[in-house]
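The values are calculated or read from the model by the stated rules, or taken from the named source; none is laboratory data. Small disclaimer: the values here were computed from a predicted structure and weren't measured. Here Cβ is always computed from backbone atoms with ideal geometry, including for glycine, and neighbour counts include all displayed protein chains.
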Amino acid sequence: MNATRLCLTVEARLERVAALRELVHSLARASGPARVFEAERVHRWALAVSEAATNAVRHAYGGDCAGPLTLEIEVGAAQLVFRLSDRGRAAETWPPTAPEVAFPAEGSYGLMIIHDVMDDVHYERRADGTNTLTMVARVGAGA
Amino acid sequence: MRIQTVKPSDGPAVLQLEGDLDAASSPQLKAGLLALLDAADRGVVVDLAGVPFIDSSGLGALVAGLKSARQREIGFALAGIQVAAQAIFTITMADHVFEIFPTAEAASAFLAGARKA
């Protein structure tokens with residue numbers, strides 16, 4: 001099976017993060033009737049992408065701005081790859097120290113959620129100034 | 001996000017939300033919630049039946065409301081969480097911390113009963 005690839009670039013503004021979530025929800029339509037993903041999993045992927053995009057706006061760009069925020073989704077037979085790229089500041093450390101979030105806290109759940117939802121997460125800062133967070137969800141048999 | 005407040009004379013105030021609850025909309029909810037808690041001595045129910053998506057920023061606004069209600073010793077409950085919005089509660093285990101009911105009516109009845117007890 002050939003991989004399906006979806007891609008969307010929006011301005012790095014919190015109000016535009018919803019458009020990236022919608023791209024995740026469009027997976028089922030783009031993948032065709034042979035690939036029906038369980039609705040609960042799609043909701044969780046959308047949540048993880050939303051958390052990652054919000055982190056990029058807040059921490060890489062330091063708030064709403066006109067910088068690019070790009071989500072690319074590659075749908076393969078055994079896995080989905082979500083790549084979120086920005087051109088803001090580099091993450092200071094990676095992998096980050098897992099925050100000890102004592103509920104009820106009002107924030108700092110983002111990375112915990114991304115790691116809970118995705119099977120593999122890694123970050124890359126390229127020489128051209130692009131940050132890319134790659135999140136992989138396995139969808140093959142036994143996933 | 002649209003926010004509407006219903007204040008019955010004999011029961012908890014109900015905050016009805018419509019739209020995604022995310023980093024863009026959560027400041028609006030937090031401000032509305034804290035203002036309502038200042039004046040709601042019979043408790044507050046947040047009706048999430050019209051909310052298809054909640055992220056950690058949205059959860060943070062609800063946590064701020066919960067903390068404020070506890071400080072004021074006011075009842076606080078969530079109602080009508082959609083299946084699509086449940087993940088954030090299970091991943092963070094917030095579903096063990098909030099009082100959660102299937103409908104706003106059930107949440108209001110619980111808070112009214114707790115107040116009498």
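Among the criteria (1) surrounded by 23 or more Cβ atoms within 10 Å (Cβ to Cβ); (2) assigned to a helix (DSSP H, G or I); (3) more than 14 Å from every other protein chain (Cβ to nearest Cβ), the one B:ALA114 does not fulfil is (1). Taking the criterion of being among the charged types (D, E, K, R) and either buried (at least 20 other Cβ atoms within 10 Å of the Cβ) or over 27 Å from A:ALA52 (Cβ atoms) (or both), the residues of region B:49-76 that qualify are B:ASP55, B:ARG70, B:ARG72, B:GLU73. For region A:25-47, enumerate the residues that are more than 9 Å from chain B (Cβ to nearest Cβ) and either at pLDDT 95 or above or closer than 19 Å to A:GLY107 by Cβ (or both). Once the filter is applied, which keeps residues that are more than 9 Å from chain B (Cβ to nearest Cβ) and either at pLDDT 95 or above or closer than 19 Å to A:GLY107 by Cβ (or both), region A:25-47 yields only A:TRP45. Residues that are facing another protein chain (nearest Cβ under 9 Å) and buried (at least 18 other Cβ atoms within 10 Å of the Cβ) within region B:87-100 comprise B:ALA87, B:ILE88, B:ILE91, B:THR92, B:ALA94, B:PHE98, listed in sequence order.
Just checking, how many residues over region A:5-26 are assigned to a helix (DSSP H, G or I), more than 22 Å from A:GLY76 (Cβ to Cβ) and not aliphatic (A, V, I, L, M)? Looking only at that region, the number is 2.
Here is a yes/no grid of residues against (1) in a helix (DSSP H, G or I); (2) more than 8 Å from chain A (Cβ to nearest Cβ); (3) of a type in the set (Val, Ile, Thr):
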| position | (1), (2), (3) |
| --- | --- |
| B:LEU62 | yes, yes, no |
| B:ALA69 | yes, yes, no |
| B:ILE74 | no, yes, yes |
| B:ALA77 | no, yes, no |
| B:ALA84 | yes, no, no |
| B:ALA106 | yes, yes, no |
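Residues that are away from chain A (no Cβ under 14 Å) and not in a loop (DSSP other than H, G, I, E, B) within region B:40-60 comprise B:VAL44, B:VAL45, B:VAL46, B:ASP47, B:LEU48, B:ALA49, B:GLY50, listed in sequence order.
Okay, residues lined up against (1) free of Cβ contacts under 8 Å to residues at least 60 places away in the same chain; (2) closer than 20 Å to A:HIS115 by Cβ; (3) among the hydrophobic types (A, V, I, L, M, F, W, C):
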| residue | (1), (2), (3) |
| --- | --- |
| A:ALA30 | yes, no, yes |
| A:GLU40 | yes, yes, no |
| A:ARG44 | no, yes, no |
| A:VAL49 | no, yes, yes |
| A:VAL57 | yes, yes, yes |
| A:GLY62 | yes, no, no |
| A:LEU69 | no, no, yes |
| A:VAL81 | yes, yes, yes |
| A:ASP86 | no, yes, no |
